[in-house]
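Below: one structure, written as structure tokens.
The values are calculated or read from the model by the stated rules, or taken from the named source; none is laboratory data. Worth saying up front: this structure is predicted, and the values here are computed from it rather than measured. Cβ placement follows ideal geometry from the backbone for every residue including glycine, while neighbour counts extend to all protein chains displayed. These area figures cover heavy atoms from the full protein model, side chains too; ligands, DNA and RNA do not enter into them. Shrake-Rupley method; radii C 1.70, N 1.55, O 1.52, S 1.80 Å.
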Amino acid sequence: MISKKILWLGLLISLMGCQKSQPILSSAQTPNFLIILADDLGYTDIGYFGSEISTPNIDDLANNGLVLTNYYSAPLCAATRAELMSGTDHHIAGEGLMDVNVDGYDGYAGRLNDKVVSLATRLQGNGYNTFMTGKWHIGRNAGQRPASRGFDQSYIMTPGGSMHFAEGVDGLMRMGKVYFDNDQVVNELPEDFYSTDFFTDKMIEYIDGERDSGKPFFAYLAYTAPHWPLQAHDEDIAAQKGRYDDGYGVLREKRFQAWKDIGMGKASDELPNLPDDYTAWEDLSEDEKAISRRTMETYAAMVEHLDRGIGQVLDYLRETGQLDNTVVIFQSDNGAEASPGYAVLGQGADNSLENIGRVGSFVFLKQGWAEAGSAPFRQNKTYTTEGGVRVPAMVYGPKLGIAARRDDAVIMTYDIAPTLLDLAGISYDDTAEGKLPITGRSFVELLKGQEFTQRRGPNDVIGREHAGHGAIRKGDWKLTWENKERFWTGRLPKEGEPWANSGDPIAVDRLNPGSPAGDPIGEGGPWRLFNLANDPAEKYDLAEREPEKFAEMMQEWANYVETHQIVVKSGQP
């Protein structure tokens, strides 16, 4: 059951929302919307943010759009997607714990729950054509997929990951029905299937098929690149040869300096501390270095190919005269993934050096390269530290009056839905429908270059939590807790019990208790306090030096747990 505090908060924000009947950008037409979501792309994996990887199309969006330098996702993919579609915190929207359906907890449904109205549904009901291609990951069963959540056409992958080529190996594909074409299960992919190419072509096909309809479109292009398993075309991998011979430590330093040189950071900023289990490049054997280099070459190849796919969509819209009236939003779904690998996945793969990245291989980006991808910030995907939740994001629409600049306003992924609805002139007060209202804040004023009256200030609080990793930000202050187990989901099932990620409901006592009381699920910590204005790398813990602020932030954490029905130590909210 969702807290009454959330309902009242949502109602208040809804009443503040746009009630206009006309779009409010500089266009006579209702604008189109294109959301491009990259999967596990690190903060400095884009050229604009300091990368050596060639990403001219994403860079063009940044150079000619509004770059959001203080933009937050959730700690990992499913939670971010739930926030994007719902306009509210992922605990409210049903993805409290990825893929885990906890009996009796709407916020832990393991999917986009039925208490929220999806962004696509809202736009579809107000005259938009709605299309999606790519990774859904917020509902795999009938009635939970895009066709039931407001999309006219969709070709999607339901789980968190899959092979990028049509030909795969045993392991991950055992997750069952993976691809759906307009809600019909796909039993066989085209022989030349490669995820980035296919999702690009299919999206262009959808948009072009309705060009004469007279209706604006909402296109959600959720690429699965560069998510594991790392796989790319041979020619793209070959183009990276030799680029990473110096190793990930050198790359991390170069990217961090480049990030500062372009004015994204201050000259006084420091690199964050490395994790205790970090292995220096110099400590790897020559064979380990060769494998590691080839893995990173494959990753970079995936990112460059992703950028070309984005370019194809933008070129199509430009050539058909639709880009001038399209708001384009680009973001990553979380920080870079420092994956330890999963023994159960990719069984039978050919991960020989010469085959890494090709059909039949199954490799993951490891910690060293991910630290380079997160360079200015601490840790990576799954953590609620800055490296896990602060992601590259930008909004493009120069012909609609969105000026090219950077802004450091704190913007959340769940702010996207109310912003797009405001741009389209669509009300989003759902109280009459008995649905949970949007709680994100529209940043339309920011897009228009006006005074941003909803800008989060020193007294505004945002929370992040997943799988025992917790954080509270209030103004420039941030409180964090890191679980000891990065990929925690729940205790192993007893014989006859369903797996936590099967979609079947599990009892709340299946979730591991934490310690001490009031902390996130799982054992970790201690709580640490940082001032992000002076220390964006979260390097200097001020918990002991600032006891009053620490106590204040702990109370804010308790409030967040209560209002968002987060499962903590006792197994009860």
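Which value in nm describes the separation of the simple spin-label points at A238 and D315, placed 7 Å from the Cα toward the beta carbon?
2.1
Sorted by accessible area (1.4 Å probe), largest first, how do T453, T30, T413 line up?
Numbers: T453 95, T30 50, T413 0 Å².
So the residues, ranked largest to smallest area, are T453, T30, T413.
Can you pick out the pairs among K266/K478; K399/K448; K135/K260; K135/K381 whose Cα atoms lie more than 23 Å from each other?
On the way: K266/K478 19 Å; K399/K448 12 Å; K135/K260 33 Å; K135/K381 17 Å.
The answer is K135/K260.
Within straight cross-link reach of K549, meaning Cα distance under 13 Å, which aspartates and glutamates are found once same-chain residues fewer than 8 apart are removed?
Those aspartates and glutamates meeting the cut-off are D476, D541.
Label-point separation (nm) for Y540 and N187, each offset 7 Å from Cα along Cα-to-Cβ?
6.5
Which Rg and Dmax, in Å, describe the Cα atoms of the chain?
22.2, 65
For R293, R455, R211, write out the residues from largest to smallest accessible area, computed with a 1.4 angstrom probe and no ligands counted.
Greatest to least solvent exposure: R211, R455, R293.
Probe radius 1.4 Å, ligands and nucleic acids ignored: give me the carbon and sulfur share of the accessible area of segment 153-257 as a rounded percent.
Details: 1860 of 4540 Å².
Result for segment 153-257: 41 percent of the exposed heavy-atom area is carbon or sulfur.
Among DSSP bridges having both ends in the chain, what percentage is antiparallel? Round to the nearest 5.
On the way: 31 of 62 bridges.
Bridges in the chain are about 50 percent antiparallel.
Give me the percent of accessible area attributable to carbon and sulfur for segment 278-395, probe 1.4 angstrom.
Working: 1670 of 3560 Å².
Looking at segment 278-395 in its full context, I get 47 percent from C and S.
Treating only the Cβ atoms of Lys and Arg (+1) and Asp and Glu (-1) as charged, compute the dipole magnitude of the chain about its Cα centre; round to the nearest 20 debye.
Details: 55 positive and 84 negative charges, 311 e Å.
Magnitude of the dipole: close to 1500 debye.
Given a 1.4 angstrom probe, what's the average accessible area per residue across the chain, in square angstrom?
Details: 21440 Å² over 573 residues.
Roughly 37 Å² per residue, with all protein chains present.
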